[in-house]
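The values are calculated or read from the model by the stated rules, or taken from the named source; none is laboratory data. Note that the coordinates shown come from a computational prediction; the quantities given were computed from them, not determined experimentally. Heads up, the Cβs are rebuilt from the backbone with ideal geometry, glycines too, and the neighbour counts pull from every protein chain shown. Note: areas computed on protein heavy atoms with side chains; ligands, DNA, RNA excluded. Shrake-Rupley method; radii C 1.70, N 1.55, O 1.52, S 1.80 Å.
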Amino acid sequence: MADYGQEGYCRDADCVIPVIFNVIIFLLGIFGNGAVIWITGCKMKKAVNTTWYLSLAVSDFIFCANLPFTIDCVVKKRWNFGLFMCKFNGFVLTLNIYSSIFILVIISVHRCITVMFPVWAQNQCTVKKASIVVVLAWIVSSLLSIPSATFRDIITIESTDICYINYENHHKTIVFMTFTFGLLIPFLTIVTCYSILIRKLRANQMSISTKPFKIMTLLIAAFFICWLPFQILSVLVLYISQYTYALYRVVQVSEILAYAKSFLNPFIYAFMANDLNKKCYSFLAKIESAIDEETQSAVRATSANSEDIRLSNAV
């Protein structure tokens, strides 16, 4: 167990290391996602793809902005912010899971539709409709996150308030609901979209190794790599009778990995930008370049497919 000094602050590795990682995630997440929000919301022309990326950044920014409460709780080994923030903290965590994966599903479906039905996509996929879809995704995410807030409670042990999850008799239901709607169904949907997309691109002898395609792949891969261990462990814990110290450490690592997802996206944009190796460009310029390239690629793909269809009809 963690070793606490006279003032009640943790001082051993069990506490210090998670706090260090959470502080890093907080700083990088606030800076990176804040940059994406500013670029997609203020600098760039409104487009369907920028709407998706803006929503992703907002989701991760809200989560990272909520991390100081968790950090304070880990450091002091008590909850100092009352029942409302206890519930809100759990709500934000679950909201981030659902909103992020739902937006990634929307991006995958949109890209698939753009390739499969280019003319329809060009006429129907507007910024206004994209915004409506995003709002609906957030509403559904919020509804699915309500149980996480409902079952949060504060218990007082030796004059110390602790924020914990009081599942009562609904533990399995909540875990399997999160696993099903936050991982399984989205995963199957994304895999289906990718399969259709790759087959269509290969049939049309179009490249599947473009940077926008790689960016989308990396965003999705990063989400599943970060969240899959946590989700699997959440299910396994239901069937483990003894919660050992080793299991506690594994769960702790999976939580940090899950949190890390919230700062990765902006750095994926920057890493995949065309001008990555050009020192004269800033980090912000790289993010804007990557997102702009994704938007322009979608427009070009739609136009090219539309032209192919028109030529086929003419013949």
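For the range 89-129 versus the range 212-258, the inter-centroid distance based on Cα atoms is 24 Å.
In this structure, the residue pairs whose Cα-Cα separation is over 25 Å, taken from Lys77/Lys172; Lys43/Lys129; Lys45/Lys200; Lys43/Lys128; Lys45/Lys214; Lys45/Lys129, are Lys77/Lys172; Lys45/Lys200. Would you mind getting me the FRET efficiency between Arg249 and Ile24? Use the beta-carbon distance for r and R0 = 22 Å, nearest 0.05. Efficiency, from the Cβ-Cβ distance: 0.70.
Here the scattering of the range 87-231 is modelled by Debye summation over its C-alpha atoms, one equal scatterer each and no solvent; at q = 0.08, 0.10, 0.21 Å⁻¹ the log10 of I(q)/I(0) is -0.31, -0.45, -1.32. Size descriptors for the range 1-107: radius of gyration and Dmax over Cα atoms are 16.8, 56 Å.
Taking a ≥ b ≥ c as the square roots of the Cα gyration tensor eigenvalues, with a/c under 1.5 meaning rounded and otherwise prolate when a/b beats b/c, else oblate, which class fits the range 97-152? In terms of gyration-tensor shape, prolate.
Going 7 Å from the Cα of Val140 toward and past its Cβ, which residues in the range 94-116 have a backbone nitrogen under 13 Å from where you end up? Of the residues in the range 94-116, 98-110 have backbone N under 13 Å from the label point off Val140.
Computed from backbone phi with θ = phi - 60° and the Karplus coefficients 6.51, -1.76 and 1.60, the 3J(HN,Hα) list for the range 217-224 is 5, 5, 4, 5, 4, 4, 4, 5 Hz; x is used for glycine and proline.
Sorted on the mean count of surrounding Cβ atoms within 10 Å across their residues, most packed first, peptides 80-86, 256-262, 178-184 read 256-262, 178-184, 80-86.
Measure off, as a whole percent, the carbon and sulfur share of the 1.4 Å-probe accessible area of the range 49-182, all protein chains present. Reported share for carbon and sulfur atoms: 69 percent.
Classify the range 77-122 as rounded, prolate or oblate from the Cα gyration tensor: take a ≥ b ≥ c as the square roots of its eigenvalues, call it rounded if a/c is under 1.5, otherwise prolate when a/b beats b/c and oblate if not. In terms of gyration-tensor shape, prolate. Put simply, when 36-42, 148-154 are sorted by average Cβ atoms within 10 angstrom per residue, most first, you get 36-42, 148-154.
Sorted by mean Cβ packing within 10 Å, highest first, what order do the peptides 158-166, 23-31, 60-68, 101-109 take?
101-109, 60-68, 23-31, 158-166
When the charge dipole of the range 77-209 is built from unit charges on Cβ atoms (+1 for Lys and Arg, -1 for Asp and Glu) and taken about the Cα centre, the candidate among Leu143, Phe176, Gln124 whose Cα reaches farthest toward its positive end is Gln124.
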